[in-house]
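Peer 1: What follows is a structure written as C-alpha cells; I'll ask about it next.
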Amino acid sequence: MAVTRRTLLSSAALGLPVAALAGATSVGATSARAASPAGDVVGKVSVGYQGWFACPGDGAPIGGWWHWSRDRFQPPSPGNTTIVSWPDLRDFTRTYPTAYPNLGNGGPAALFSSYDQQTVDTHFDWMRTYSIDTAALQRFNPFGDEGLTRDAMTQKVRSAAERTGRKFYIMYDVTGWTNMQSELKTDWTSKMSAHTASSAYARQNGKPVVCIWGFGFNDDGRPFTPAQCLDVVTWFKAQGCYVIGGVPTYWRESRNDSRTGFLGVYHAFDMLSPWMVGRTGDLAGLDWFAASVNAADQADCNANGIDYQPCVLPGDLSSGHRRHGDFYWRSIYNMVRLGAQGLYVSMFDEFNEGNQIAKTAETAASVPAGTGIRALDEDGTFCSADYYLRITTDAGKMLKGQIALTSVRPTQPTTVTGPPPQPTGDLAAGKAVSASSVNGPYAAANAVDASAGSYWESSGALPQWLQVDLGAAYAVKSLVLRLPAGWERRTQTITVQGSSDGSGFSTLAGSAGHVFDPGSGNTVTITLSGATARYVRLAVTANTGWPAAQLAQLQVYGDDAPTTPPPVTDLARGRAATASGQAQVYGAGNVTDGDAATYWESANNAFPQWVQVDLGAAVAVGRAVLKLPPSWGARTQTLAISGSTNGSAFTTVSGAAERTFAPGSGNIVTVSFAASSVRYLRVTATANTAWPAGQLSAIEAYAS
C-alpha cells in the first residue's frame with residue numbers, strides 16, 4: 001500500500017522544539033490584499049471527517065471491518081487492529097460486537113459503523129451542538145474497491161449536514177491514486193459536483209469549495225509532477241471552484257516533506273492548509289513551529305493573496321501528547337494569534353491515529369480491559385468524553401472574535417465539580433474474578449454472572465478467598481452475597497478486603513459470621529464505609545454447611561446500593577421450553593439454560609413467532625426478564641407476553657410493545673406486570689429492527 005497520511009506522521013517531524021513564540025504578532029496588516037471575506041471556510045472552523053469505518057452487517061458495499069482491522073474480514077482484536085483510541089458509544093443506537101475483551105466496566109467491546117446513517121447523524125448533531133461550522137469529507141481514490149462506499153457516504157454526510165445546518169465540502173486525497181490527473185476531473189463532473197446544489201455544500205467567495213490533499217509531498221505515494229498538479233488545480237478553478245491545497249509542512253521552503261519545484265502549484269491554490277499531524281508532541285514544539293514556520297507561511301499567503309488555514313491538533317492520545325487539553329489549546333491560540341483566515345482541525349473521527357476530537361472513552365472502565373488503550377484520563381486528569389468538542393467550541397469563538405485572544409484554556413476538562421459520578425448498578429457484574437482455589441466446575445466466574453443458580457466453590461482447607469477486579473477504583477458502599485435459593489441454611493465467616501492495585505489489601509469489613517437462610521433468599525447484605533477500592537476480596541475462614549467457601553453471587557454497589565435484595569429465584573431456569581419454530585440450531589431450550597451466549601431464533605421472515613416456558617406448575621409471576629447475548633448490537637423487538645394455566649388458552653399479561661435491547665444495559669429488558677398465576681409463560685415477537693426473526697437468549701420469570 002502507498003504511503004498514507006497515517007504512515008507519513010513521523011517522516012517529517014523536523015526541527016527541534018526550542019524557542020517559544022516570542023514577539024510573533026498577527027501579520028495580517030502587511031498583506032498585499034485583504035483576506036477573503038468570511039464564508040464557509042474563511043473565518044470558520046473546519047474539521048477533517050474520515051467517515052471510513054464499516055462493520056459486517058451494516059450494508060456497506062466494501063464489506064468487513066473497514067479501517068477497524070488490519071484484516072478487514074476478521075473482527076478487530078488486540079492482535080488485529082488499526083486503531084489506537086476507543087470511541088465513547090453512549091450516543092449510538094447501533095453498534096457491532098468485536099473480538100476485543102470486555103470493557104473495564106464489564107460491558108461489551110463494540111464499535112460503530114460510519115455507514116450507518118445514525119452514526120453520521122450523531123456526529124453532525126455533535127457538530128451542531130459544539131458549533132463546528134464545516135466538515136471536510138475525505139475522498140480517496142473512488143475508482144478502487146471503496147468507491148461505492150465513498151459515494152454513499154457523501155450522500156449520508158449531505159443529508160446530515162442539511163438537517164443540522166452544517167456545511168461540508170469534498171476533500172480529495174491523492175495518496176496512491178495513479179491516474180488522479182484525469183480521474184479527479186471525471187469524478188467531479190460525473191458525481192461530486194452534483195452535491196454542490198445542496199444548501200449545505202460549503203461555498204467561499206460565492207464558489208463551491210474543493211480541497212486536494214497531497215500535492216508536492218516528498219514520498220512515493222504522491223509521485224506527481226508539478227505540471228500534472230498545476231493542471232488539476234487550474235481545471236478545478238476553471239469549473240468555478242474555490243480550491244484548497246492540503247500541502248506539506250515545509251511547502252514554502254521546498255524541503256523536508258516537500259518536493260522542489262512546486263511553489264507555483266502551491267501559489268495557484270485559493271487557500272493553503274499545511275499538514276501538521278505528527279510534527280510535534282509538546283508545547284515547546286508547537287511554539288517553535290508557530291515562530292519558525294507558520295508565521296512566515298501566513299506572511300507568504302498574505303503577500304500572494306492566498307487564504308491561510310493551518311492545522312490545529314488535539315494531539316495523539318496514544319502517545320500522551322494531549323496534556324488534558326493544553327496541547328490543543330496552544331495549537332489553536334498560536335494560529336489565531338498569527339491571524340489565520342480559518343482553522344482546520346485534524347481530525348474529527350481519526351481513531352486510527354489517536355488525534356480525534358469526537359467523543360472518546362473517559363477512563364479505563366470504558367476501554368477493552370488489559371489492552372492498554374489510553375483513555376482521556378491517561379495523565380491522571382478526568383476529562384469528559386466531549387471535552388475536545390467543547391475546546392473546539394471555544395476555538396471558534398476566539399477565531400471569530402467572540403471571546404478575547406487568550407493563551408489560557410477557558411474550557412475545563414469536565415463541566416461538573418468534584419469527581420465524576422460513579423456508574424450505577426452492580427459494579428462487579430461480568431468483571432474479571434480470581435480465587436485462591438476452585439473445586440472442579442464451580443468456577444470463580446460463576447459468582448459474577450447473571451445466574452444465582454451457578455456458584456463458586458473452593459477446594460482444599462479453609463481459609464480461601466474470592467476476588468473481583470472492578471476495572472477502576474470506586475467508593476464501595478455495600479455488598480450483596482448470595483447462595484442458590486434452594487440450599488439449606490449455613491453461616492460463613494467472611495472478611496471483606498479492598499485494594500487499589502491488587503497486591504496491598506486493607507480491611508473494609510472485619511471478620512464476621514454471615515447467615516445464608518433460604519427464608520431470606522439465601523442473601524446477605526454487608527454495609528461498608530464507602531472506602532475506595534478497585535479490587536474487592538472476600539476471605540472465608542469458616543462455613544457451617546460445607547468444608548469450603550461457597551458463593552453464587554458477589555454484587556458490589558456504590559451510591560445506589562439497594563436497601564433490600566431484589567427477588568432472586570428465576571422460576572423459568574432449567575424448565576422445558578417450546579417455540580412456534582426455530583432457525584437452524586437456535587432452539588427454544590436456549591432461553592432457559594442459563595447461558596447468556598446461547599439463544600433462540602425463530603424462523604426468519606415469518607412473523608409473528610413465539611417461544612414459551614413451562615414453569616412446571618401454576619405459580620404467581622409478576623415480572624419477566626428478557627435477554628439477548630450481551631455482545632450483540634442494539635435492536636428493538638416488538639414483544640407481547642401472555643400466560644396460561646393449561647398451555648392452550650392464553651391471557652395477555654403485557655401487551656405488544658417495542659422493547660429495546662441495548663448493549664450498554666447488558667441487552668436486558670425487564671417487564672413488570674400485575675402478578676397472576678400461570679404455568680406457561682409465552683413471549684410473542686412481531687418485529688425486530690436488526691433481524692427478520694424473534695430472538696431471545698433468556699426468559700427469566702420472577703414472582704415480583
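Peer 1: Quick one: which of ALA657, ALA693, ALA674, ALA703 is among the small types (Gly, Ala, Ser), at pLDDT 90 or above and farther than 20 Å from TYR96 by Cα?
Peer 2: The match here is ALA657.
Peer 1: Right, something else. Can you tell me which condition PHE348 does not meet? The list is (1) open to solvent by 10 Å² or more (accessible area, probe 1.4 Å); (2) closer than 26 Å to THR81 by Cα; (3) in a loop (DSSP other than H, G, I, E, B), and all the others hold.
Peer 2: Condition (1) is where PHE348 drops out.
Peer 1: SER648 - would you say it is open to solvent by less than 20 Å² (accessible area, probe 1.4 Å), among the polar types (S, T, N, Q) and more than 28 Å from the chain's Cα centre (by Cα)? Walk me through it before giving the result.
Peer 2: Numbers: open to solvent by less than 20 Å² (accessible area, probe 1.4 Å): no; among the polar types (S, T, N, Q): yes; more than 28 Å from the chain's Cα centre (by Cα): yes.
It is false that SER648 is open to solvent by less than 20 Å² (accessible area, probe 1.4 Å), among the polar types (S, T, N, Q) and more than 28 Å from the chain's Cα centre (by Cα).
Peer 1: Hey, does segment 594-612 have a residue that's of a type outside the set (D, E, K, R), closer than 21 Å to ARG575 by Cα and surrounded by fewer than 15 Cβ atoms within 10 Å (Cβ to Cβ)?
Peer 2: yes
Peer 1: So if I check each of SER198, SER190, SER254, which one is of a type outside the set (Phe, Trp, Tyr), surrounded by fewer than 18 Cβ atoms within 10 Å (Cβ to Cβ), more than 24 Å from SER159 (Cβ to Cβ) and at pLDDT 95 or above?
Peer 2: SER254
Peer 1: So, one more: State yes or no: is THR541 open to solvent by 50 Å² or more (accessible area, probe 1.4 Å), touching a residue at least 40 places away in the same chain (Cβ under 8 Å) and over 35 Å from the mean Cα position of the chain (by Cα)?
Peer 2: Details: open to solvent by 50 Å² or more (accessible area, probe 1.4 Å): yes; touching a residue at least 40 places away in the same chain (Cβ under 8 Å): yes; over 35 Å from the mean Cα position of the chain (by Cα): yes.
Here the answer is yes, as THR541 does meet what is asked.
Peer 1: Okay, moving on. Working only within segment 207-246, note down all residues that are in contact (Cβ under 8 Å) with a residue 24 or more places away in the chain and open to solvent by 60 Å² or more (accessible area, probe 1.4 Å).
Peer 2: To start, the set of residues in segment 207-246 that are in contact (Cβ under 8 Å) with a residue 24 or more places away in the chain comprises 207-222, 224, 226, 228-237, 239-246.
If the condition is that a residue be in contact (Cβ under 8 Å) with a residue 24 or more places away in the chain and open to solvent by 60 Å² or more (accessible area, probe 1.4 Å), then LYS207, ASN218, ASP220, LEU230, THR234, LYS237, GLN239 are the ones that fit.
Peer 1: Return only the number of the condition from (1) out of contact with any Lys or Arg (no Cβ under 6 Å at 6 or more places or on another chain); (2) free of Cβ contacts under 8 Å to residues at least 40 places away in the same chain that ASP145 does not satisfy.
Peer 2: (2)
Peer 1: Could you please find all residues in segment 483-538 being within 42 Å of the chain's Cα centre (by Cα) and either among the aromatic types (Phe, Trp, Tyr) or on the phi > 0 side of the Ramachandran plot (or both)?
Peer 2: Answer for segment 483-538, where residues must be within 42 Å of the chain's Cα centre (by Cα) and either among the aromatic types (Phe, Trp, Tyr) or on the phi > 0 side of the Ramachandran plot (or both): GLY502, PHE505, PHE516, GLY521, ASN522, GLY530, TYR535.
Peer 1: Which of (1) surrounded by fewer than 23 Cβ atoms within 10 Å (Cβ to Cβ); (2) more than 20 Å from GLU353 (Cα to Cα); (3) at pLDDT 95 or above; (4) within 13 Å of the chain's Cα centre (by Cα) does LYS156 not meet, given it meets every other one?
Peer 2: That leaves (4) as the condition not met.
Peer 1: Could I ask something else about it? Go through (1) open to solvent by 50 Å² or more (accessible area, probe 1.4 Å); (2) of a type in the set (Val, Ile, Thr); (3) within 21 Å of LEU508 (Cα to Cα) one by one and return the number of the condition THR491 breaks.
Peer 2: Checking THR491 against (1) open to solvent by 50 Å² or more (accessible area, probe 1.4 Å); (2) of a type in the set (Val, Ile, Thr); (3) within 21 Å of LEU508 (Cα to Cα), the one that fails is (1).
Peer 1: Continuing with the same structure: Suppose we keep only residues that are of a type in the set (Gly, Ala, Ser) and within 29 Å of the chain's Cα centre (by Cα) within segment 431-446. Which one would you say is farthest from GLY502 (Cα to Cα)?
Peer 2: Kept after step one, since they are of a type in the set (Gly, Ala, Ser), are these residues of segment 431-446: 432, 434-437, 440, 443-445.
Checking which are within 29 Å of the chain's Cα centre (by Cα) leaves us with 432, 434, 445.
Values: ALA432: 12, SER434: 11, ALA445: 17 Å.
Of everything passing the filter in segment 431-446, ALA445 is farthest from GLY502 (Cα to Cα).
Peer 1: PRO518 fails exactly one of the following numbered conditions: (1) within 18 Å of ALA428 (Cα to Cα); (2) in contact with a Lys or Arg (Cβ under 9 Å, 6 or more places away or on another chain); (3) of a type outside the set (D, E, K, R). What is the number of that condition?
Peer 2: For PRO518, the failing item is (1).
Peer 1: Out of segment 278-292, which residues are surrounded by fewer than 21 Cβ atoms within 10 Å (Cβ to Cβ) and either more than 27 Å from SER319 (Cβ to Cβ) or in contact with an Asp or Glu (Cβ under 9 Å, 6 or more places away or on another chain) (or both)?
Peer 2: GLY281, LEU283 - these are the residues of segment 278-292 that are surrounded by fewer than 21 Cβ atoms within 10 Å (Cβ to Cβ) and either more than 27 Å from SER319 (Cβ to Cβ) or in contact with an Asp or Glu (Cβ under 9 Å, 6 or more places away or on another chain) (or both).
Peer 1: Filter segment 114-146 down to residues that are open to solvent by 30 Å² or more (accessible area, probe 1.4 Å) and part of a helix (DSSP H, G or I), then give me how many there are.
Peer 2: 6
Peer 1: Out of LEU399, LEU405, I need the residue that is over 17 Å from the mean Cα position of the chain (by Cα), within 20 Å of GLY325 (Cβ to Cβ) and open to solvent by 40 Å² or more (accessible area, probe 1.4 Å). Which one? Give the derivation first.
Peer 2: On the way: LEU399 fails: open to solvent by 40 Å² or more (accessible area, probe 1.4 Å).
When all the criteria are applied, what remains is LEU405.
Peer 1: Return the only residue of VAL556, VAL585, VAL621, VAL625 being modelled with pLDDT under 95, open to solvent by 50 Å² or more (accessible area, probe 1.4 Å) and of a type in the set (Val, Ile, Thr).
Peer 2: Details: VAL556 fails: open to solvent by 50 Å² or more (accessible area, probe 1.4 Å); VAL621 fails: open to solvent by 50 Å² or more (accessible area, probe 1.4 Å); VAL625 fails: open to solvent by 50 Å² or more (accessible area, probe 1.4 Å).
Answer to the selection: VAL585.
Peer 1: Kindly provide the set of residues from segment 670-696 that are surrounded by fewer than 20 Cβ atoms within 10 Å (Cβ to Cβ) and of a type in the set (A, V, I, L, M, F, W, C), ordered by number.
Peer 2: VAL671, PHE673, ALA674, ALA675, ALA687, ALA690, TRP691
Peer 1: Give the residues of segment 147-190 that are of a type in the set (A, V, I, L, M, F, W, C), assigned to a strand (DSSP E or B) and under 25 Å from THR225 (Cα atoms), sorted by residue number. Steps first, answer last, please.
Peer 2: At the first step, the residues of segment 147-190 found to be of a type in the set (A, V, I, L, M, F, W, C) are 148, 152-153, 157, 160-161, 168, 170-171, 174, 177, 180, 184, 188.
Add one more test, that the residue is assigned to a strand (DSSP E or B), and what stays is 168, 170-171.
Hits for segment 147-190 are ILE170, MET171.
Peer 1: With open to solvent by 30 Å² or more (accessible area, probe 1.4 Å) and either at negative phi or at pLDDT below 95 (or both) as the only criterion, which of PRO87, PRO56 stands out?
Peer 2: PRO56
Peer 1: Condition (residue is of a type in the set (Val, Ile, Thr) and open to solvent by 40 Å² or more (accessible area, probe 1.4 Å)) applied to segment 565-573: is it met by at least one residue?
Peer 2: yes
Peer 1: If you don't mind, another one. Out of (1) under 30 Å from ALA361 (Cα atoms); (2) open to solvent by less than 20 Å² (accessible area, probe 1.4 Å); (3) touching a Leu at 6+ places or on another chain (Cβ under 6 Å), the odd one out for ARG659 is which?
Peer 2: Going through the list (1) under 30 Å from ALA361 (Cα atoms); (2) open to solvent by less than 20 Å² (accessible area, probe 1.4 Å); (3) touching a Leu at 6+ places or on another chain (Cβ under 6 Å), ARG659 breaks only (2).
Peer 1: I'm trying to understand the selection: among the residues of segment 318-341, which are open to solvent by less than 20 Å² (accessible area, probe 1.4 Å), within 11 Å of GLY281 (Cβ to Cβ) and either touching a strand residue (DSSP E or B) at 6+ places or on another chain (Cβ under 7 Å) or not in a helix (DSSP H, G or I) (or both)?
Peer 2: ARG322
Peer 1: Aliphatic (A, V, I, L, M), under 19 Å from PHE92 (Cβ atoms) and touching a helix residue (DSSP H, G or I) at 6+ places or on another chain (Cβ under 9 Å), is that true of MET180? Don't jump to the end; show me each part of the working.
Peer 2: On the way: aliphatic (A, V, I, L, M): yes; under 19 Å from PHE92 (Cβ atoms): no; touching a helix residue (DSSP H, G or I) at 6+ places or on another chain (Cβ under 9 Å): yes.
It is false that MET180 is aliphatic (A, V, I, L, M), under 19 Å from PHE92 (Cβ atoms) and touching a helix residue (DSSP H, G or I) at 6+ places or on another chain (Cβ under 9 Å).
The values are calculated or read from the model by the stated rules, or taken from the named source; none is laboratory data. Note that this is a predicted model, so its numbers are computed, not measured. Heads up, the Cβs are rebuilt from the backbone with ideal geometry, glycines too, and the neighbour counts pull from every protein chain shown. For accessibility, only protein heavy atoms count, side chains too; no ligands or nucleic acids. Shrake-Rupley method; radii C 1.70, N 1.55, O 1.52, S 1.80 Å.
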